[in-house]
Structures are given as C-alpha cells and as structure tokens.
Amino acid sequence: MKNFKNYIFEYLLIFITIILTISGFWNIFFGTDAKPKPYQIFHLIVNFSWLFLMLYQLTLIGNKQSQKHKRVGLSILFFGPLFFAQAVLLAIHSAHKGFVSGEGDFMIVQNVLGSIELGLIILLAFILKKRRKIHAAFLISTVVLMLGISIFFLLLAVAPELIGYGMYITFFVGLLFFLKDRRDGWPILASSSVFIINDYITTLLIKLEFIKPLTDFVGSLNQAIAFFVSFIVLLFLLISTGITNKRRAGTLRKNYR
C-alpha cells in the first residue's frame with residue numbers, strides 16, 4: 001500500500017492508459033466484424049508488453065528491489081527498439097494507405113514526428129540514466145505518449161468533434177506531473193506537449209503544401225526495411241550509452257569473488 005501511495009500518479013497513469021488502450025483495440029478484436037490484421041496483433045502485443053514492463057519496473061522501484069530493477073531494465077535493449085520500430089512501421093503503413101488510396105493521411109505529421117519523439121525519449125532515458133528521477137521521468141513519458149494516442153482514438157470513436165481537445169488533456173496530465181515534481185518532472189511536461197507542437201507543425205506544413213509530398217515519401221518506404229533499420233539504430237544507440245557496462249562489470253565481480 002505504501003508503494004502505491006508513493007507512486008500513485010504513476011500507477012494511475014499506467015492503469016488508465018491500459019484501460020484506454022484496451023478500449024482502442026476492442027472493436028478491432030471483439031467487434032461484430034472483428035478481423036484483426038497481423039500488424040494490429042503485433043501492435044497490440046508490443047504496446048501491452050511495454051505497458052506491463054513499465055508497470056513491473058515501477059513495482060520493483062516501489063519495493064526497493066533496485067538490483068532486480070536494473071536486471072529487468074536490460075530488457076529495454078530489446079523492447080525499446082521494438083516499441084520504436086513498430087511505431088515507425090505503423091507510421092509508414094498509415095502513410096502508405098493514404099498514398100495508395102490518394103486520400104492522404106491526416107495523421108502523417110503526428111505519426112512521423114511521434115515516432116521520432118518516442119525513440120528520442122527512450123534514448124534520453126538512458127543517456128541520463130545516472131540521474132535516476134530524470135531517467136524514470138523519461139520512461140514514464142513514453143506512457144504519456146501512449147495515453148495521448150489512446151485519448152485521440154477514443155475521442156475519434158465516440159466524439160469526433162472533440163478530438164482536438166485530446167492533446168490538451170494529455171498536456172494537462174504532463175503539467176500535473178511537473179507540478180508534483182518541478183525539479184525532475186520536466187521530461188514528462190515536455191513529452192506531453194509534443195502533440196500540440198506536432199499539430200502546429202501540421203498547420204504550417206498544410207500552408208506550405210508539404211503534407212502530400214511528405215505522405216507520398218513516407219508511404220513509399222519499404223515497411224520491412226524501415227522496421228529493421230529503426231530497430232537496429234535505436235539498439236545501437238542504447239548500447240552506446242553504456243547501458244550494459246555496469247551489468248557486465250557486476251557479473252565479472254561476482255565471478256571472481
């Protein structure tokens with residue numbers, strides 16, 4: 001119970017995001033004409049793997065199991081790049097549908113920049129891993145991004161006219177985290193603002209008539225190659241932060257005792 005009280009904001013964020021994510025996938029998997037496609041099944045598995053990894057890590061921190069937390073944290077070497085790569089894959093898939101149909105992709109900027117921002121957030125979490133609270137804030141920021149996406153699709157399904165408010169709800173959540181911890185909560189506030197920033201960039205690109213060229217370019221990319229390259233690039237960058245060094249050193253010390 002003490003663990004929950006200490007991290008009540010974080011637990012509520014993860015639980016609410018899980019619930020909203022379930023609602024977003026519900027019709028795809030359990031609707032009247034449910035016929036989930038392979039990429040949707042993959043998307044479901046990756047999203048929930050990440051959410052439950054964040055939940056498990058939060059529980060370990062709350063129970064002061066720091067060594068186990070570090071060991072489990074190494075799994076992000078796989079799940080982080082996987083999470084990022086599937087976001088890239090979905091962005092290209094969405095753009096490809098718009099490219100082929102000729103209808104365009106109204107989410108192109110949010111999808112493309114959102115994927116890049118997600119990868120950057122995961123990378124920054126480990127570049128700044130020695131500052132534990134900042135490290136944790138960046139990882140929680142990935143859940144905030146998922147919350148924002150879940151809110152978007154929920155509003156799209158039940159109240160399309162209110163869809164623009166989703167990004168402000170997400171920003172408000174980030175603001176609450178920042179007010180709770182003004183010293184180390186800034187990554188969450190910054191991450192919660194990306195939807196508003198991306199929306200502004202969308203408006204700018206529309207005025208410059210760059211949306212269609214961007215959609216055509218992204219939609220023409222090979223999805224399999226983009227997925228593989230995205231995974232490898234982030235994996236390499238995470239390894240370059242030294243994430244495995246302490247683990248290797250600890251193993252060597254244990255072997256020579």
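Just so you know, all these numbers are worked out from the coordinates, no wet-lab data involved. The shown structure was predicted, so the numbers you read here are calculated from the model rather than taken from an experiment. Glycine gets a Cβ as well: all are built from the backbone with ideal geometry, and neighbour counts include every protein chain shown.
If you take percent of Cα pairs over 27 Å apart from the coordinates, which of [x] 52; [y] 39; [z] 31 do you get?
[y]
Contact order normalised by length for the chain, with contacts defined as Cα pairs under 8 Å and 6 or more residues apart; what percent is it?
25
Just how large is the dipole of the chain about the Cα centre, in debye to the nearest 20, putting +1 at every Lys and Arg Cβ and -1 at every Asp and Glu Cβ? Intermediate values should be presented prior to the final figure.
Details: 25 positive and 11 negative charges, 438 e Å.
Result for the chain is approximately 2100 debye, rounded to the nearest 20.
Where nothing but the Cβ of Lys and Arg (+1) and of Asp and Glu (-1) is charged, how large is the charge dipole of the range 55-123 around its Cα centre, in debye to the nearest 20?
The calculated dipole for the range 55-123 is roughly 580 debye.
Could you pull out the pairs from LYS37/LYS97; LYS129/LYS180; LYS5/LYS130; LYS68/LYS180; LYS35/LYS212 whose alpha carbons sit more than 23 Å apart here?
Exceeds cut-off: LYS5/LYS130; LYS68/LYS180; LYS35/LYS212.
What is the angle, in °, between the Cα long axis of helix 223-240 and the longest principal axis of the Cα atoms in the chain? Nearest 10 is fine, range 0 to 90.
30
Find out how many positive minus negative residues lie around ILE201, taking Lys and Arg as positive, Asp and Glu as negative, among other residues whose Cβ is under 12 Å from that of ILE201.
Overall, the nearby charge balance is -1.
Angle between the Cα long axis of helix 132-158 and the longest principal axis of the chain, 0 to 90 degrees, nearest 10?
The two axes meet at around 30 degrees.
Under 9 Å from the Cβ of ALA95, count the other residues' Cβ atoms, weight Lys and Arg +1, Asp and Glu -1, and hand me the total.
With Lys, Arg at +1 and Asp, Glu at -1, the net is -1.
Tell me, how many Å apart are the Cα centres for the range 1-42 and for the range 169-193?
With the range 1-42 and the range 169-193 each reduced to a Cα centre, they are spaced 21 Å.
How large is the charge dipole for the range 96-150, taken about the Cα centre, if only the Cβ atoms of Lys, Arg (+1) and Asp, Glu (-1) carry charge, to the nearest 20 debye?
600
For the chain, take the longest principal axis of its alpha carbons; what is the angle in degrees between that and the long axis of helix 194-207, to the nearest 10 within 0 to 90?
On a 0 to 90 degree scale, this one is about 30.
For a protection proxy built on the mean count of beta-carbon atoms within 10 angstrom, sort 30-41, 224-235 highest first, please.
224-235, 30-41
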